[in-house]
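No value in this document is a laboratory result; all are computed from the given coordinates. None of these values were measured; they are calculated from a predicted model. Please note: Cβ atoms are built from the backbone with ideal geometry, for glycine as well, and neighbour counts cover all protein chains shown.
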Amino acid sequence: MGQQIESALRESMQRVVVLLVNFLPGLVAFLLAVVVLMLVGAVLAFLLRKILTALRFDERLASRQTPGAVTNVSEWSPANSPTLLVSRVVWWACLLVGIAIGISAFNVSVSDTPTVALLFLPYLTHLVGAALLLIVGTLLARFLARSVLIGAVNAQLQYARFLSLGVKWLMFVLTAAMAIDHLGIGGNVVVLAFGILFGGIVLTLALAIGLGSRDLVSRSIEKSMDRPATNSPQDITFVPTETPPVPPLRHF
Amino acid sequence: MSTTPVLQTPANMDASPSPCDLLTLVCLPSLTSEALDATLANLRVAMATQPLLVVTPDAVPPSAEGGSLRILSHRPSAPTHGAWIPTAADYLNAWAVAREHRPGVVLLLGPDCATVSPATLRLLAAGAASKHDLVLPRYPVGPHDALFNSAILYPLTRALFSHHVRFPLPIDAALSPRMCERLATAAQRLTAAGQGEALLWPVANAAVAGYSVFDVAGEKRLLPAPNADDVNALIANVAGSLFADVEAKAAFWQRARLAMSPSRVTDYATEATAHDPNALDLAPMIQSFRNAYTNLRELWSLVLPPNSLLALKKLSLAPAETFRMPDALWARTVYDFLLAYRLRTINRGHLLGALTPLYLGWVASHIRLVGGDAKVAEQHIEEVAAAFEGDKPYLVARWRWPDRFNP
């Protein structure tokens with residue numbers, strides 16, 4: 001009995017060791033690919049930074065763009081330097097390529113362990129994609145919300161903040177739905193929930209704007225309904241109006 | 001009722017026209033044939049004995065030339081876009097002709113120049129011929145006109161570049177050849193980048209170069225209106241251009257003691273508004289400012305210190321009858337926005353958009369204070385400019401040490 005237990009334990013231990021031995025080269029290959037590509041990326045980024053600095057890339061780009069414009073590359077760059085942006089993009093691209101190569105190397109080396117390959121690896125790549133989607137979506141939501149807020153305030157809309165919040169949440173919901181869909185979680189439930197939420201927000205905004213401008217619409221309809229009755233030539237009675245001219249303001 | 005403009009002659013300049021042998025180059029924008037005829041007639045009256053070379057992008061009628069006046073139809077090397085004031089492309093084109101003909105004075109006239117009087121033309125040309133590098137006209141404006149200039153352009157230029165030039169973004173200008181060349185060099189950088197429509201700031205350029213600047217009181221002229229329908233975009237464009245220019249010239253204006261050019265003119269030529277000032281309803285403007293405070297408070301808090309925010313809160317709660325933005329608060333607000341522009345605290349497009357409601361608040365306060373009185377308006381504008389000058393050390397200190405504690 002004891003011998004059987006001992007033998008069973010030894011066999012399972014042996015299986016664990018074999019599994020670990022199969023797994024380790026893949027892990028080493030993954031780490032090696034990431035480290036090598038990181039180093040390559042760092043060298044490339046360094047060289048690129050030196051070359052662009054020598055070419056006065058930032059100054060040339062700045063002279064081609066309108067100050068304060070939303071489309072300015074420097075507005076989006078770290079430390080307002082497009083050179084730094086380019087070099088960092090190159091470094092991160094190399095890192096991502098390294099991760100992709102590492103994952104494929106890992107996949108090959110542990111292909112005889114289908115459970116890990118099927119469940120873990122696809123998620124790793126999808127997780128990176130979903131994280132990127134979330135980051136970009138959040139940045140875009142904040143930017144658009146501010147743009148809408150300022151534009152609405154300058155257009156003297158009373159519900160500027162509400163409009164801005166609506167746009168922000170629309171973007172958040174859209175981004176979250178895209179990220180979850182990218183991860184393959186939930187399937188149709190996510191699409192359905194997104195449709196309901198998105199439609200709900202749009203309907204709320206439409207109702208808010210419609211109710212806010214109710215008086216304006218009713219006045220406009222009243223005017224258009226009154227017009228045919230007073231348009232016949234015999235009914236026209238000219239009433240001179242003496243509204244004083246409003247003094248104009250000239251900003252420039 | 002309008003105040004008769006007083007044509008003032010610079011103290012160190014002859015009242016008589018410039019020397020006869022000095023060629024004056026006059027650069028005109030595209031005009032209708034009637035407007036061209038009127039402009040040429042005014043030029044003949046203004047400078048009858050002087051050799052004149054008039055450059056126009058339009059076709060020249062054969063009968064237009066005569067006497068000392070020559071006309072040249074010139075295809076501009078940099079495409080112009082018919083802007084409401086001369087832009088980088090116009091300065092560059094003026095220099096392209098000036099380099100070829102070597103004039104003593106370059107007279108750059110803006111749109112609707114047919115309404116510039118001969119007396120103003122004579123003063124401009126005489127000023128530039130009297131060794132002044134940049135001579136700008138100061139046209140009479142009503143208390144409700146040129147408000148953005150009164151709120152930001154004039155006070156900021158005066159405080160930072162120490163020149164009492166009432167309209168630093170000129171419609172017309174007289175330039176010495178070296179001033180024209182300097183402006184063309186600045187314009188070249190912009191036009192090469194496809195920004196021929198960009199604005200140039202001649203006063204700041206002249207100040208940095210150490211050139212002499214002079215402004216003369218001109219007679220009433222039709223002030224061209226900007227093409228843009230969107231005032232918010234226009235305000236952001238002009239303010240952005242000025243802020244960028246100030247940022248580029250920071251090394252100059254940060255000098256501890258710039259010699260302030262003396263204010264030669266104490267009585268600005270102004271004209272009263274033709275309309276009843278009480279007819280202007282300020283309530284929507286004030287309500288708009290309150291709405292902006294409610295919605296943009298969080299955004300402003302990224303740019304303005306707590307003191308300014310508190311003052312703005314008080315202002316937003318003030319009744320319409322006592323709505324008054326203190327000059328010191330306005331000066332500090334503009335400086336803080338300028339600092340945020342430099343530090344890129346928030347996106348620059350957003351920053352300039354967030355400045356617009358504050359400016360409209362200042363406009364409401366200004367109009368409430370001055371009503372329709374042109375003299376009171378000028379006095380208030382001078383007080384605002386003085387507030388900007390008084391607060392300049394704050395700007396310099398925070399420009400150098402932006403992270404210093406700022407209550």
Legend entry - FRET efficiency, A:Val128 to B:Ser68 (Cβ-Cβ, R0 45 Å, nearest 0.05): 0.05
Inset, instruction - Just grab the label-to-label distance for A:Ala206 and A:Glu11, each label 7 Å out from Cα along the Cβ direction, in nm (one decimal). - result: 6.7
Inset, instruction - Based on other C-beta atoms within 10 Å, arrange B:His164, B:His144, B:His81, B:His101 from fewest to most. - result: B:His81, B:His101, B:His164, B:His144
Inset, instruction - Only Lys, Arg, Asp and Glu count, each charged at its Cβ (+1, +1, -1, -1), so figure out the dipole size of the stretch B:298-392 about its Cα centre, rounded to 20 debye. - result: 380
Inset, instruction - May I ask you to derive the relative contact order of the stretch B:309-391, considering only C-alpha pairs under 8 Å and at least 6 residues apart, and to give it as an integer percent? - result: 42
Inset, instruction - Could you grab the relative contact order for the stretch B:65-114? Cα pairs under 8 Å, six or more apart, rounded to a whole percent. - result: 35
Inset, instruction - Compute the signed sum of charges (Lys and Arg +1, Asp and Glu -1) over the other residues within less than 12 Å, Cβ to Cβ, of B:Ala96. - result: -1
Inset, instruction - Please give the FRET efficiency for A:Leu31 paired with B:Glu389, using the beta carbon to beta carbon distance and R0 = 60 Å, rounded to the nearest 0.05. - result: 0.40
Inset, instruction - Please identify, among B:Leu338, B:Leu40, B:Leu136, the residue showing maximal mean-square fluctuation in a Gaussian network model of chain B using a 10 angstrom Cα cutoff. - result: B:Leu40
Legend entry - Sequence of B:Thr56, B:Thr87, B:Thr32 once ranked by neighbouring C-beta atoms within 10 Å, starting from the fewest: B:Thr32, B:Thr56, B:Thr87
Inset, instruction - Please list the non-local residues whose amide H lies under 5 Å from the amide H of B:Arg138, H modeled 1.01 Å from N, same-chain partners needing a gap of 5 or more. - result: B:Val216, B:Ala217, B:Gly218
Inset, instruction - Using the charge dipole of chain B (Lys, Arg: +1 at Cβ; Asp, Glu: -1 at Cβ; taken about the Cα centre), state which of B:Asn295, B:Val208, B:Leu343 has its Cα farthest towards the positive end. - result: B:Leu343
Legend entry - Averaged over B:360-372, number of beta-carbon atoms from partner chains that fall within 10 Å: 1
Inset, instruction - Let me have the 222 nm mean residue ellipticity of chain B computed from DSSP H runs of 4+ only, each contributing -39500 (n - 2.57), with the sum over all residues rounded to the nearest 500. - result: -15000 deg cm²/dmol
Inset, instruction - May I ask what percent, to the nearest 5, of DSSP beta bridges between residues of chain B are antiparallel? - result: 25
Inset, instruction - Specify the residue with the greatest mean-square fluctuation among B:Lys314, B:Lys375, B:Lys131, computed from a Gaussian network of chain B linking alpha-carbon atoms under 10 Å apart. - result: B:Lys314
Inset, instruction - Find the relative contact order for chain B and round it to a whole percent, using C-alpha pairs within less than 8 Å whose residues are 6+ positions apart. - result: 20
Legend entry - Rounded to the nearest 20 debye, dipole of chain B from Cβ charges on Lys, Arg, Asp, Glu: 1400
Legend entry - Amide H within-cut-off set for B:Val54, under 5 Å, with H built and near neighbours excluded: B:Val26, B:Arg70, B:Ile71, B:Leu72
Inset, instruction - Would you tell me the mean number of C-beta atoms belonging to other protein chains that fall within 10 Å of each C-beta in B:341-352, as a whole number? - result: 5
Legend entry - Test item: Cα-centred dipole of the stretch B:96-168, Lys/Arg +1 and Asp/Glu -1 on Cβ, debye: 240
